[in-house]
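Read the structure below first, then the notes.
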Amino acid sequence: MESSAAKQQSMAGGSMSTAERSYLRTELEQRRERLHEALHSPAADPSLSQLLTAVDTALSRIDQGTFGLCEKCHDTIEAERLLADPLVQFCLDHLTSAEQRDLESDLSLAARIQRALLPKPGVAPVGWDARYHYQPAGMVSGDYCDLFETDGGLLFMLGDVSGKGVAASMLMSHLHATFRSLAEAGLPLDRMVEDANRIFCESTLAGQFATLVVGRAAQDGSVEFVSAGHLPVLHIHGDGATPKDSTGVPLGMFCNTRFPVHRLALAHGDTLLLYTDGLTEARNRAGAEYGLQRVRALAARHTGIEPAGLISECLQDLLGFREGLKQTDDLTLLAVQRAE
């Protein structure tokens, strides 16, 4: 019987893309060469022969078109598990008890690492107030959220990495480390995102990308931000809520691309609301989506409210809209306000 954590992280259905299969073939061929070299060593361990046989079998299955099918039920093995270990031969439903315990342990460790990367509560320089809500659908998340002070002001980030489970959480951790490192260099915002995009492109597979908002809030109330293919940022002010659309394509799609910068001047009490599609794509029992218009209408009804209160109102409205249905996608909210 599949464990609860495994079920939560299962990438149900869906086959691997051509790019992913090509990547795995190359990986397996490289591993085969290294195994051959290792086997010629006088101190070679006998287990290397078994690994070589497993690699040859996986390559043969790719040639036959049966790679990625469970040997027990012949259904599709979860793509993220194959990318992590191309020698996997069984889907989550048919893991042994020992394999299920190992998977539970891996997920638990990944979750602890990911939560340790989240910003500490109350991070904001004088003149600003910021709050976030982070709620994975399973044990780990592909959502990304960070807040920290720099010489130029408060740097804030929120995004959504493609995929699910441990693979997406690893990409999220990669983004976290990249932006933390680049921020120390004091780069202009567009240059920081362009450099991060190039690093992300060069270290990920084709088809892996991230939508992302990266912003900087200065002490005088001025804000600049880049939105790499992400959902509209809402500028909440005395007259309502104004959406600010994306300024570029998601990170990881093209190695060399420009990311224009939005610039705003926030009055005291103005707020920027950022969110992932766990909010907008949530559905009710009739199958209707929560949607962008509902987010905007809710924000317009709560102008001037402090960030913690705004997030609380969003969550309560979402809970009522879902009508008791289970959360199916990672959800992250971030509110940044110029304090009174």
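The values are calculated or read from the model by the stated rules, or taken from the named source; none is laboratory data. Computed from a predicted model, the values in this text were never measured in an experiment. Every residue, glycine as well, gets a Cβ built from its backbone with ideal geometry; the counts of neighbours run over all protein chains shown. These accessible areas exclude ligands, DNA and RNA; they are computed on the full protein's heavy atoms, side chains included. Shrake-Rupley method; radii C 1.70, N 1.55, O 1.52, S 1.80 Å.
Peptides 287-295, 311-319, 33-41, 331-339, ordered by how many other C-beta atoms sit within 10 Å of their residues on average, highest first, read 331-339, 311-319, 287-295, 33-41. Quick check on the stretch 216-261: take the gyration tensor over C-alpha atoms, sort the square-rooted eigenvalues as a ≥ b ≥ c, and tell me if it's rounded (a/c under 1.5), prolate or oblate. Oblate shape, in that a/c is at least 1.5 and b/c is the bigger or equal ratio.
The calculated FRET efficiency for the pair residue 312 and residue 286, based on their C-beta separation and a Förster distance of 25 Å, comes to about 0.50.
Residues considered: 205, 51, 87. Largest GNM mean-square fluctuation over the chain, using C-alpha springs under 10 Å, is found at 51. Each of 114, 221, 136 was placed along the dipole of the chain (beta-carbon charges, centred on the mean Cα), and the one lying farthest toward the positive end is 221. The distance between label points at residue 149 and residue 61 comes to 5.3 nm (points 7 Å beyond Cα on the Cα→Cβ vector). One entry in (1) 35; (2) 32; (3) 24 is percent of Cα pairs over 33 Å apart calculated from the shown coordinates; its label is (1).
Here the Karplus relation 6.51 cos²θ - 1.76 cosθ + 1.60, evaluated at θ = phi - 60°, turns the backbone of the stretch 62-71 into coupling constants of 5, 4, 8, x, 10, 5, x, 9, 5, 6 Hz, with x for every Gly and Pro. For the chain, the share of accessible area belonging to carbon and sulfur comes to 50 percent (1.4 Å probe, ligands and nucleic acids excluded). In this structure, the amide hydrogen of residue 281, modeled 1.01 Å from its nitrogen in the peptide plane, lies closer than 5 angstrom to those of 291, counting only residues at least 5 positions away or on a different chain. Normalised per residue, the accessible area of the chain is 48 Å², obtained with a 1.4 Å probe and no contribution from ligands, DNA or RNA. About its Cα centre, the dipole of the stretch 110-151 is roughly 280 debye, where the only charges are +1 on Lys and Arg Cβ and -1 on Asp and Glu Cβ. Across the stretch 207-224, computed HN-Hα scalar couplings (Karplus, 6.51 cos²θ - 1.76 cosθ + 1.60, θ = phi - 60°) run x, 9, 8, 8, 8, 7, 10, 10, x, 9, 10, 8, 5, 7, x, 7, 10, 10 Hz from first to last residue, x flagging Gly and Pro. Report note on the peptides 234-240, 273-279: ranked by the mean count of other C-beta atoms within 10 Å, highest first, their order is 273-279, 234-240.
Projecting the Cα positions of 55, 156, 233 onto the charge dipole of the chain (unit charges on Cβ atoms of Lys, Arg, Asp and Glu, taken about the Cα centre) puts 233 furthest along the positive direction. In order along the stretch 235-252, the phi-based Karplus estimate (6.51 cos²θ - 1.76 cosθ + 1.60, θ = phi - 60°) of 3J(HN,Hα) comes to 8, 9, 9, x, 9, x, 9, 10, x, 10, 6, 4, 10, x, 7, x, 5, x Hz; Gly and Pro are listed as x. Relative contact order, whole percent, for the chain stands at 17, derived from Cα pairs under 8 Å and 6 or more residues apart.
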